[in-house]
Every structure is written in structure tokens, then in C-alpha cells.
1. How would you order 494-500, 90-96 from highest to lowest mean count of nearby Cβ atoms within 10 Å?
2. In nm, to one decimal, how far is the Asp331 label point from the Ser90 one, both placed 7 Å along Cα→Cβ?
3. Using the beta-carbon distance between Asp44 and Gln255 and R0 = 25 Å, what value does 1/(1 + (r/R0)^6) give for FRET efficiency, to the nearest 0.05?
4. Please calculate the 1.4 Å probe accessible area of Asp44, with all protein chains present, and give it to the nearest 10 Å².
5. Please give the Cα centre distance for the range 449-526 versus the range 81-150, rounded to the nearest Å.
6. Which order do Ser33, Ser439 take by accessible area at a 1.4 Å probe, largest first?
7. With a 1.4 Å probe and all protein chains kept in place, how much accessible area does Leu449 have, in Å² rounded to the nearest 10?
8. Could you tally the net charge around Ile526, taking each other residue with its Cβ under 15 Å from the Cβ of Ile526, Lys/Arg +1 and Asp/Glu -1?
Amino acid sequence: MKLNRTFGSMSFKRKAIVVLLILVLPLLIFIGSFAAYTIQRQNDQLSESAGNTLSYYQNAFESDAQNISSYLANLLSIDYDFQQLCYRRSYLDAHLSSYDLVQKFKLQLEGNPSLGALFILTPENNLFRGAYNVEDYSMEVKADILKFLKECAVQDDNCSAKGWTLREIGGKSFLFRFFGRKDTHTYCVAMMDLNRAIVPQKIRSNPTASGAFAFFLASDAEDGALPLSSITRFEGTGIVLRPQKTGYYISGGTQKYLIVQEPIENMGISIGYATPYLGLFSGMDGVQITLLLLSCALIGLIPVCYLLLQKSLFAPLQEMTGTIEKLGDGDLYAKMEAPFSIQEFESVRISFNNMVERIRQLKISSYEKELEAKHAKLQYLQLQIRPHFYLNCLKNLYALAEARKYGSIQSAILALSGYLRFIFRDSMKRIPLSQELRSIRDYMQLQTLCDANPPQCRMDIDASLDDFLIPPLSLVTFVENSVQHGTTLDHPLIINIRVSLIKSKTGDYVSLLVSNNGPAFPDSIIKEAAEPEPQIYRSQHVGIINIRYRLQLLYGEAAALSLYNSAGSPCAELFLPQNESNIKEEDPL
């Protein structure tokens, strides 16, 4: 009973969410489990098939290696020519014995294509000869092979005890096996070319699946290492090899490959097999496809449930939201007319309509109080702007006094008094553009007297706009900011002021642009100036934010302030409506 009371007291929104979760969560869990099982099952089957093929390759390769080792062991123990070369012989005898051995090597090579070459090394008789299975090795590669064998035969007393040795020569990977006597440094050496050994003779007639291939990899290889063989098969596949000992992994670019690897004992290498991975649906059986179709059918029920909720729940909520938005846009006559079938919604409708009626009754008194608050804010805003300039002037006068430039101090005080006279005269009314420009000229004169490297101010003014009324200090604030933040030691500051008329279909606007060649606006300043509701009570960027707020109070949406960077230079642009009918109040400033 307690659970029923708790569930019944839930909101409609929460109930809808609970119903959807009860339906969707088990379905998603089922589909996810089914997909995971299907993928795992298919990959296991594919990896098992690839593992069987890999075992076939591995057994054939290990069998060839064992046969080669047995052949060399027998040769070492019973061959007369090898026994003769273990001791110092005349040049002719040594040459004839080595020649006979090479002929035997050639016969052995004919029956074992994975064997790259066989060598006889006898430093005692200064003979190093060999027979190659193929003649596609360059002279440089052959010379490097022979150099490696000589070094091992002469310098390494334990080369025959190391087993198979991996060596890269001339960009190819080889396995070498030494058999011989370390006391006389006489050895027979077998060389397996891993590129040829990858398709042993025993399975040469058993073609692999389309696009599949085998390869060798060093046992100590790291992630992303290159293979020891079949390098051309990896080009363009995007496969990234891993030092994985067991199991499988999937890698590749557009075409994915399932890769299995197995280490080969006592050789320092692993053998791998890569087969194309065709995706989820290629290996599905009838049962799996049936389950997948049932899952899709269950997913198709979700839109049906949504349509039911849309009709009974979401549509009424949408109507309520639309009415509230109309009220937010200023339509005090917006009402929810049609009754709702849900009792809670009907209670909300009645309460909302009563609230709107009450708002209309309080509108007049609220509007009058709002006007009083706006006037108070405007007075504070203008008082907030002025100290910024006064402090700058006092700092400049202090610097001149410290430098004992009394004549400049007198000129600066005269210019400052004229500027302050303009500020204190009609400071609460909009002023003609010509008066604002005159105050800028006085300000620039102050900068000329007080600064060793004074800024320059260039004006491009439409003469027909001299009497256009603008809020006071609209341009002076940006000129002050240009001097404060744009002055650098690299070049003199140049401030550009342009006032022009812009005509458009929606009305005529006056553009007031202030730019300079100083550093660009930081992104934080531009973002802060574009905030929908700027905070006027702040300690930084006071002038810019206050101008924007005053424009909002005076012009509403008809005026705009834009801060941006053009060609690396900061620009501040005001757009004011030329038509006086766009002013919200007669003249609140």
C-alpha cells in the first residue's frame, strides 16, 4: 500500500519517465546482451577456424625446421667430406670436399622450398661456400649473409648451441641454424627465408581463404611492430600488430582483419594468421536472425508508446508551454482556453489564467516603479563611468609635476577644465554628436600634453549627422579604453572614429565605429560584452558594460553594441536607430 501511495503521488513527467524506463531498459538490456552474445559467438567461430589454419601452418613450419636440423645433424656425424674439412687440408682437397658438400646441399634444397640456403664454413681451410635455393638475392645481400656467418664462425664459440637465430639482412628476415665443431670452427649452416617459409611445400596446394594470409612476428615485438614476412600484404590494410600470445584481436582500416598468433618455441618468433573480418551479419544463423528481427520489432513499439504519450501528456504540456511563452513575450491576454482531460492539468490551467488576470491588474503600478528604478540605475551608471577618466587625468598631472613640466601642467589643466565643463553640462540628457566629438578632441589634447608618445585620432564623420543625438560618453569611453589598453612601445597608437548612416529595409541606423591599431580584444571581453543580461555592478570593464546597459534601457532591441576584432585590431561599433520613434521613453537620460 505504501508503494502504491508513493507511485500515485508522482508527477506526470516522472510517471512518463518511469513507464518508458520500465519498457525500454529491459529491451535495451536484452538487445545488448543478444548483440554481445552474437558477436562473441561469431568471433569465436572465426577465430577457431583461423586457429586451425594457423596450426596447420605452424606444424608444417616446425616440421620443416625439424627436418632441416635432422639433416644437418646426420651430415655432421656421418658425412666424409665434412669430416675432412674439420682439419687443415691442401687447397685442392679442401676445394673438392667443399664442392661435394655444395652439390649435396643443392639436392637437399630442391626438396625443401622453405629452406633458403645451406653453407659450409671452415676457417681452418679459409673456405666459406654455400648453395642458394633461389637466385633472387642480390649480391649485396649475399655478401652481408656471408659476412654474418664468418663473424659467427670465427668469434662465437657457442653459435651451434644457440639453436635457431633470427637475423634481418638487407630488409629480409632469416633464421640461421649452426651445426659443427667449435674446436675447429667448422660449421654447416641452414638458412630459412621467412618470406618463403610462410607457404611450406606441404600446404602449398591448399589455398587460403580470399584475402587471408599468414605472417611471422618477433616474439619480443611491441605494439605496432612490423612483421618479419608478408610485409607487402600489410600495406594499406591499417593493421596494427600486437604482442599477443593467445586468443585473437581485430585490427585494420576500412577492411578489418581478425588476427590469431602463436609463439614458436626456441626460435624467438611467433606465427600469425590474418583473415578478413566481414562483420556481424555475415556469420549469423537462422536463430540469430530471428532473434534480431524480434528485437527490431520490440524497438518499433517505442514510437507507438511515444505517440500515445504525445496525445495524452506531451500535447497538453506543449500548449501550456506555448501560453507561458506568449506571456513571457508580453502578451498579457494569453490564456489556456481548451479544458484538459487530466485533472492536474486542468487545475494548472485555472490557476494560470487567474495569475495572468492578476498580472494585468498590477501592470500599471509595476511599470511606474520600474521607471523609477531605471532612472536610479541610469544615474548610478553615469556616476560609475566618470571616475575612470578623472583618475587617469590625475595620474597624468602627477607625472608632469614629477617631471617639473609646469607649462604643460597649465595647458593640461586648461584642457581638462574645458572637458569637465562639457561633462557637467547637461550630463543627464542626450547630446549632439558634434559635442561628443569636441570632448574627444579635448581628451586627445590632454593626451598630447601628458604623453611623450601621444596617440593620434582620425575622424571620418558624415556631416549630416553632426546634430544626431547620442547618449553622452558613448564614444569617449572607447577612446579612453583605446589609450589605456592599446598603447604599445612598438608603434604609435592610431585611433579611428567613423560615423556613417546605414540604410536597410527595417529602418535607417547610425553606425559609430571606434577602432585602433593596438592589441586585439581578448575572447573573454567579447564574450562578456555579448552576455544577454550584463551585470552593471562590477569592478572591470565598467564603461563598456554600462554603455551597453544604457542602450538597452533607452532603445531596447533597436540599438546594439558589437565588440569584435578585424585584421587583428579591436573594433567597437554602436548601432543607433535614426528614427526617434524607436526611443522607449521621451528622454530618460
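1. Order by mean packing, descending: 494-500, 90-96.
2. 12.2 nm
3. It comes to 0.75.
4. 60 Å²
5. 91 Å
6. My answer, sorted largest first, is Ser33, Ser439.
7. Surface open to solvent at Leu449 totals about 50 Å².
8. -2
The values are calculated or read from the model by the stated rules, or taken from the named source; none is laboratory data. Computed from a predicted model, the values in this text were never measured in an experiment. Neighbour counts run over all protein chains shown; Cβ positions are idealised from the backbone, glycine included. Surface areas here come from the heavy atoms of the whole protein model, side chains and all, with no ligands, DNA or RNA. Shrake-Rupley method; radii C 1.70, N 1.55, O 1.52, S 1.80 Å.
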